[in-house]
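These notes concern the structure reproduced below.
The values are calculated or read from the model by the stated rules, or taken from the named source; none is laboratory data. Fair warning: this is a prediction, and the values are worked out from it, not measured in the lab. Because the Cβ atoms are built from the backbone with ideal geometry, glycine has one as well, and the counts that use them run over all protein chains shown. Note: areas computed on protein heavy atoms with side chains; ligands, DNA, RNA excluded. Shrake-Rupley method; radii C 1.70, N 1.55, O 1.52, S 1.80 Å.
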Number of protein chains: 2
Amino acid sequence: MKRLSVIIAAMASVILLAACGNNNSSSKSNNKTSDTQLTGQADTSYYQSVIKNGHYLTSKSRGVNVQQNGNQYNLKSFENGLMDISKKQFSTSKYVFQEGQYISTSTAENWLGRKTKSNPEGMNPAGSNTKTPLYLQQMDEQDFLTQDGNSLKLSGMTIGLGINSVYYYQKEAYGATYEMKLSDAEVRAQGKRIANQVLAQLRKRKDLKNIPIVIALYKQAPDDSLVGGNFFAYSVNNANASSVSSWKNINAKNYVFPVASGQSGPSNTNDENDFSNFKTQIQNFFPNLSGVTAQAQYMNGSLTGMNINITTQFYSQTEIISFTQYLQSTAEKYLPTGVPIDISVASTTGMQSFLSRGANDRTFSFHIFNSY
Amino acid sequence: MKRLSVIIAAMASVILLAACGNNNSSSKSNNKTSDTQLTGQADTSYYQSVIKNGHYLTSKSRGVNVQQNGNQYNLKSFENGLMDISKKQFSTSKYVFQEGQYISTSTAENWLGRKTKSNPEGMNPAGSNTKTPLYLQQMDEQDFLTQDGNSLKLSGMTIGLGINSVYYYQKEAYGATYEMKLSDAEVRAQGKRIANQVLAQLRKRKDLKNIPIVIALYKQAPDDSLVGGNFFAYSVNNANASSVSSWKNINAKNYVFPVASGQSGPSNTNDENDFSNFKTQIQNFFPNLSGVTAQAQYMNGSLTGMNINITTQFYSQTEIISFTQYLQSTAEKYLPTGVPIDISVASTTGMQSFLSRGANDRTFSFHIFNSY
């Protein structure tokens, strides 16, 4: 074991899996599992994940989602939100994360399609594209592994299902795009129906019978939204359960500040007003800022985080430095406290600087991007 | 003064200038100088700068430079490098930085032109555009102020002069672009000639007679370079001196890693090899990274900093998290220590994450960009 420890130290946090076991057979480092490593864990707020033969194990079905999303904000928000739900069930200190390996690209494509004779597993209802909406728009699988002697074994799974809130369709190929709004009740009902179908399908597989499977439902934002949609319910399904017995509601809502005319903002908070004062202050400071917007996330009516994007004309490095210092003090004066806030300053040539304050930090730390 | 202190506290680090003075007349807050504020100083490695009537005081001549530079890397590198030279002469704790207010846009345009009858102040030699190169390509003015009772007074100035290493010209309008390489000796000689002319011109102004003026010479990188040029000499000219009496050499050099075939890399160091091992390691990790390059800066033959840019195909948020954690441990294992290193991970949709380690830090801190 001594020799192994030396290797581990030399490899910094890239840990040979064989060395993580509690038994002494881990010295058989030339068996198959020795090709599996973990990425290392920089921070317990993130999972470690799996490296096989030196390569990161990518998701089998993920490419499907990229094509499925007309609004890229739905993609990142969906993936991030799903990870947050997973963390409630599968602790980052006990579980290793693995990109989905059980739902293949073709299965994902089939599930996202309509139910037809040739595609009996389609999760979307049979019918015409102009009359019957497609509900399931994207899906994601996250696997959670635990140590089992020398190897890792699957010990949990989370499935995210993205349900349309607006169905976009064309009456003829290359024709105009029409939209059909779907009510929250419909989104909820269809999400639950699809979740039960997905769970039943997964349980047909022998290797997925005996693990807890979390299924989370996400309401997709419309294509023209500047912020992604939100998760609205999830279920924890114990080993062998092949239908969902209970749902937990998630009361999440995202807004874009400034709130567009005709849209409603968050109620009972001064956050929008705080942001507006901040925006006025900094737009006054620099004569030609072209845009200051924010994404704000709420849980149960309370602000849980904000991402502020500032776009500028091309500025000199000295102006960026002065502006960033000014942002730091202005943000501390005007913006809500107690929640994580990111501020990025970008120009046409890319990100110039960014500031960040964690939920428990007093001050914003910042970084100014340099170039030699 | 008590009331003022309260205001200062409330304004966080945006300090009313009147409160900085050492005298008690600072309570006259309705005089002219009360409209001048400072940006606040987040960090003593940066200067405070000047806010007038709530607006940042932008440079009078800076717009000229943007048009002048075919290679944007020359712009940021020039502005950053000049600031570093200024800091040697004008301490960030004593001096307040102000964007250049004395050289107007039209003066800058005249100086950057050829010397002709109608433009006697042109710093570039008379002659035909196809035979006589333009040497002076960009210039920058930085002003340094100190407290003088209630107001700020100019107490120093730094002028940067960017001299071409390659002269680009056309034989006919809209025709092919030809290039003329200029030797280091020529760049140096022309830079010194122009510096003397600029100094003499500045001293003609009454308000610039009695301050120290630093003049720094920068060799522009060719237009196809992926890194900016470098400063090669500077002079500190005491009050009233209207010609440069001595130059200090700066032995700086920037490289791009991997070094292109036919180009020479830094000698007597393993840095390029270290970077190459790092690159191999991470390209192995993710199957489709599209580019891994670095800018490396050297002073007197020793590495003084590195900016690494990683471009990726669009990845999922979970992949970005895993990749960033892997980068952290891999960078610590492979990259040179004791110098500041920035690593940014970008995709077509913008910056995904970045890592940074200061010269004296042991580990890389990182930030993963989120979206709601």
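Any residue at all in region A:341-362 that is modelled with pLDDT under 90, more than 8 Å from every other protein chain (Cβ to nearest Cβ) and within 30 Å of B:Ser225 (Cα to Cα)?
Applying the first criterion (modelled with pLDDT under 90) to region A:341-362 yields A:347-350.
Then drop every residue that is not more than 8 Å from every other protein chain (Cβ to nearest Cβ), which leaves A:347-348.
Filter once more, keeping what is within 30 Å of B:Ser225 (Cα to Cα): A:347-348.
Yes, some residue in region A:341-362 is modelled with pLDDT under 90, more than 8 Å from every other protein chain (Cβ to nearest Cβ) and within 30 Å of B:Ser225 (Cα to Cα).
Residue selection: B:Val244 satisfies the criterion of being touching a Lys or Arg at 6+ places or on another chain (Cβ under 9 Å) and over 21 Å from B:Ala346 (Cβ atoms). If you filter region A:290-303 down to residues that are more than 23 Å from B:Thr349 (Cα to Cα) and either among the acidic types (Asp, Glu) or buried (at least 18 other Cβ atoms within 10 Å of the Cβ) (or both), you find that the one that is farthest from the other protein chains (Cβ to nearest Cβ) is A:Leu303. When A:Tyr372, A:Tyr315, A:Tyr326 are checked against the criterion of being surrounded by 21 or more Cβ atoms within 10 Å (Cβ to Cβ), more than 7 Å from chain B (Cβ to nearest Cβ), at pLDDT below 95 and on the phi < 0 side of the Ramachandran plot, a single residue qualifies: A:Tyr315. Does region B:230-243 hold any residues that are open to solvent by 60 Å² or more (accessible area, probe 1.4 Å) and either free of Cβ contacts under 8 Å to residues at least 24 places away in the same chain or at negative phi (or both), and which are they? If the condition is that a residue be open to solvent by 60 Å² or more (accessible area, probe 1.4 Å) and either free of Cβ contacts under 8 Å to residues at least 24 places away in the same chain or at negative phi (or both), then B:Asn238, B:Ser242, B:Ser243 are the ones that fit. With respect to the conditions (1) of a type outside the set (S, T, N, Q); (2) under 21 Å from A:Ile51 (Cβ atoms); (3) touching a residue at least 24 places away in the same chain (Cβ under 8 Å), A:Lys153 falls short on a single one, namely (3). If you go through region A:115-139 and keep only what is within 16 Å of A:Asn196 (Cα to Cα) and charged (D, E, K, R), you end up with A:Lys115, A:Glu121.
Residue selection: A:Ser246 satisfies the criterion of being farther than 30 Å from B:Asn65 by Cβ and either open to solvent by 20 Å² or more (accessible area, probe 1.4 Å) or modelled with pLDDT of 95 or more (or both). When B:Lys87, B:Lys76 are screened for being buried (at least 19 other Cβ atoms within 10 Å of the Cβ) and under 16 Å from the mean Cα position of the chain (by Cα), only B:Lys76 passes. Residues of region B:164-177 that are among the polar types (S, T, N, Q) and not in a strand (DSSP E or B): B:Asn164, B:Ser165.
For a quick check of your reading: which strands (runs of 3 or more DSSP E) sit entirely within region A:178-278 and have at least 3 residues that are within 14 Å of chain B (Cβ to nearest Cβ)?
A:252-257
Screening region A:329-340 for residues that are open to solvent by 20 Å² or more (accessible area, probe 1.4 Å) and out of contact with any strand residue (DSSP E or B) (no Cβ under 9 Å at 6 or more places or on another chain) and picking the one that is nearest to the other protein chains (Cβ to nearest Cβ) gives A:Lys333.
Number of residues in region B:146-163 that are part of a strand (DSSP E or B) and open to solvent by 10 Å² or more (accessible area, probe 1.4 Å) equals 8. As for region B:122-134, it holds at least one residue that is in a loop (DSSP other than H, G, I, E, B), among the aliphatic types (A, V, I, L, M) and open to solvent by less than 10 Å² (accessible area, probe 1.4 Å). None of A:Ser356, A:Ser344, A:Ser329, A:Ser290 is touching a Ser or Thr at 6+ places or on another chain (Cβ under 8 Å), of a type in the set (S, T, N, Q), not in a strand (DSSP E or B) and not assigned by TED's automatic domain parsing to the domain that holds A:Gly228 except A:Ser329.
Each row is one residue, and each column tells you yes or no for (1) over 24 Å from the mean Cα position of the chain (by Cα); (2) hydroxyl-bearing (Ser, Thr, Tyr); (3) under 14 Å from B:Ile368 (Cα atoms).
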| residue | (1), (2), (3) |
| --- | --- |
| B:Asn300 | no, no, no |
| B:Asn307 | no, no, no |
| B:Gln313 | yes, no, no |
| B:Thr318 | yes, yes, yes |
| B:Leu327 | yes, no, yes |
| B:Val339 | no, no, no |
| B:Ser344 | no, yes, yes |
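Looking only at region B:212-229, decide whether some residue is surrounded by fewer than 19 Cβ atoms within 10 Å (Cβ to Cβ) and closer than 22 Å to B:Thr107 by Cα. Checked region B:212-229: at least one residue is surrounded by fewer than 19 Cβ atoms within 10 Å (Cβ to Cβ) and closer than 22 Å to B:Thr107 by Cα.
The residues listed here are B:Thr116, B:Thr44, B:Thr58; of these, the one that is assigned to a loop (DSSP other than H, G, I, E, B), surrounded by fewer than 21 Cβ atoms within 10 Å (Cβ to Cβ) and within 11 Å of chain A (Cβ to nearest Cβ) is B:Thr58.
Taking the criterion of being assigned to a loop (DSSP other than H, G, I, E, B) and open to solvent by less than 20 Å² (accessible area, probe 1.4 Å), the only residue of region A:359-368 that qualifies is A:Phe364.
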